[in-house]
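Trainee: Could you have a look at this structure, given as structure tokens, before my questions?
FYI, it's all coordinate maths here, none of it is from the lab. All values reported here derive from a predicted model rather than from experimental measurement. Every residue, glycine as well, gets a Cβ built from its backbone with ideal geometry; the counts of neighbours run over all protein chains shown.
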Amino acid sequence: MLAQRPPLGWNSWNTFGEHISEALIHEMADCMVEQGYLQAGYEYLVIDDCWSLRERDEKGLLVPDPVKFPNGMKAVADYVHSKGLKFGMYSCAGVLTCAGYPSSYDHEFVDAATFASWGVDFLKYDFCNFPETGDCRARYQTMSMALKATGRDILFSACNWGQKEPWKWMRSVGAHMYRSTGDIMDNYISFTDIFKSQLDNLCMSGTACFNDMDMLTVGMCGKGNVGLGKVCTYEEYRMQFALWCLAGVPLMMGADLRSLAPEYKELMQNPDLLRIDQDAECRSLYLIRKGSVTTSNPEPKEGEFPWKQLPDTSYTFIRHLSDREFALAYVNFSPADAQIHCEMADIGLPVSSGYALSMRDVFTGEQLPPKTDFFNPRVPAHDMKLYLCRLVPVHG
Ligand code: GLA
């Protein structure tokens, strides 16, 4: 069965855009193995848009660009497979891909057969240049059938940017993951908006068909194809990765792994974070509360207070994991430090229960004394705290 857990891998788009080649894919495959990504679970290496010629051949088949891929795609797939990785490619449900290359509308079966003949294990399927009269759901269903017809296990990564509420129907057309938003950009506002926009939809994500909040920008630091706006800090990237894990969604890395700073490699290979992302039960988040953050108002005008409220900027979540474990998160989306409030009673543990929550800080490894009544950590601006927790009886 494909996509029993959220798929993990790397995709070429965020950093490289059209600048892809056989040599790049070889180097990335080597890197994924030598630097421990494969062992950590990242198994799919995916080539995004811009891999083909601008025209199909005389038989109507897609043709890999011979300058970028001089030995064809089967050779690339063979190399990726020889490393123990799985190989992903890209096409689109419209008449041209987003970058204007030939695409699979009305060519679904022939293209799926081509991908299968090359040894493709994963197909990202985009939504640009889709005919106005076309039926979006029907076309994803058609490609899903075409992939099944190949007889090969090909993970169907449907990318329709959240159009027509895909969380309601992508599972029923056989997709294994579905992009639920427009493209991520390498900045704080972009990833926090994506996360918040999917909170109500995550309950429909789970085994066999996951909500895809887009490729990670962790560690890109403004380099590459999706840089826009202010470069993220380490804490902001840590928040992005931790939120994706907390949400239990696919983790497709987008940075250049060959030159990634060690702290980002460590972050994306953190076993506790990956354990949360990959939890066998695939449950969604329980929102404990949304709160306001009080920040200073340094130059109050007449009648104003020396402080102000930033509404709906602090969130607490708990996620039930397998083996009676929990992930507990305090997220501060505001540009001011905050004390984030959480009563144990709000998460179903009144003092009278006789149980406390033992907590281990996922980022520092620190074990905290069990909490019985409340726990209100101070969380810096644009940062979060994340704990792995267990229930323990209160003695005496
Ligand atoms: C769309 C997708 C991106 C990427 C590009 C490629 O914008 O949403 O993830 O695949 O197309 O052109």
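Trainee: If you scan the stretch 80-99, which residues turn out to be outside any strand (DSSP E or B), more than 10 Å from the ligand (Cβ to nearest atom) and either crowded, with 24+ Cβ neighbours inside 10 Å or of a type in the set (A, V, I, L, M, F, W, C) (or both)?
Mentor: VAL80, LEU85, ALA93, VAL95
Trainee: Can you pull out the residues in the stretch 1-44 that are within 16 Å of the ligand (Cβ to nearest atom) and under 20 Å from the mean Cα position of the chain (by Cα)?
Mentor: PRO7, GLY9, TRP10, ASN11, SER12, TRP13, ASN14, THR15, PHE16, GLY17, TYR44
Trainee: Which one is nearest to LEU147 (Cα to Cα) among residues in the stretch 121-136 that are within 16 Å of the ligand (Cβ to nearest atom) and without any contact (Cβ under 8 Å) to a residue 60 or more places away in the chain?
Mentor: Filtering the stretch 121-136 for residues that are within 16 Å of the ligand (Cβ to nearest atom) and without any contact (Cβ under 8 Å) to a residue 60 or more places away in the chain, the one nearest to LEU147 (Cα to Cα) comes out as LEU123.
Trainee: Tell me the residue from ALA261, ALA242, ALA175, ALA208 that is within 16 Å of the ligand (Cβ to nearest atom) and of a type in the set (A, V, I, L, M), please.
Mentor: After ruling out the rest, the residue left standing is ALA175.
Trainee: Could I ask something else about it? Can you spot a residue in the stretch 170-180 that is more than 30 Å from LEU199 (Cβ to Cβ) and touching a helix residue (DSSP H, G or I) at 6+ places or on another chain (Cβ under 9 Å)?
Mentor: No, because not a single residue in the stretch 170-180 is more than 30 Å from LEU199 (Cβ to Cβ) and touching a helix residue (DSSP H, G or I) at 6+ places or on another chain (Cβ under 9 Å).
Trainee: Shifting gears a bit: Take the residues in the stretch 100-109 that are in a loop (DSSP other than H, G, I, E, B) and over 23 Å from PHE16 (Cα atoms); name whichever of them is nearest to the ligand (Cβ to nearest atom).
Mentor: Applying the filter and picking the extreme gives TYR105.
Trainee: Is it true that some residue in the stretch 152-161 is part of a helix (DSSP H, G or I), more than 16 Å from the ligand (Cβ to nearest atom) and either β-branched (Val, Ile, Thr) or surrounded by fewer than 23 Cβ atoms within 10 Å (Cβ to Cβ) (or both)?
Mentor: No, the conditions are met nowhere in the stretch 152-161.
Trainee: Give me the pairs: first residue in the stretch 205-226 and touching a residue at least 24 places away in the same chain (Cβ under 8 Å), second residue more than 16 Å from the ligand (Cβ to nearest atom) and of a type in the set (Phe, Trp, Tyr), beta-carbon distance under 6 Å, and six or more apart or on different chains, which are they?
Mentor: Cβ pairs passing all conditions: VAL218/TYR237; VAL218/PHE241; VAL218/TYR264; GLY219/TYR264.
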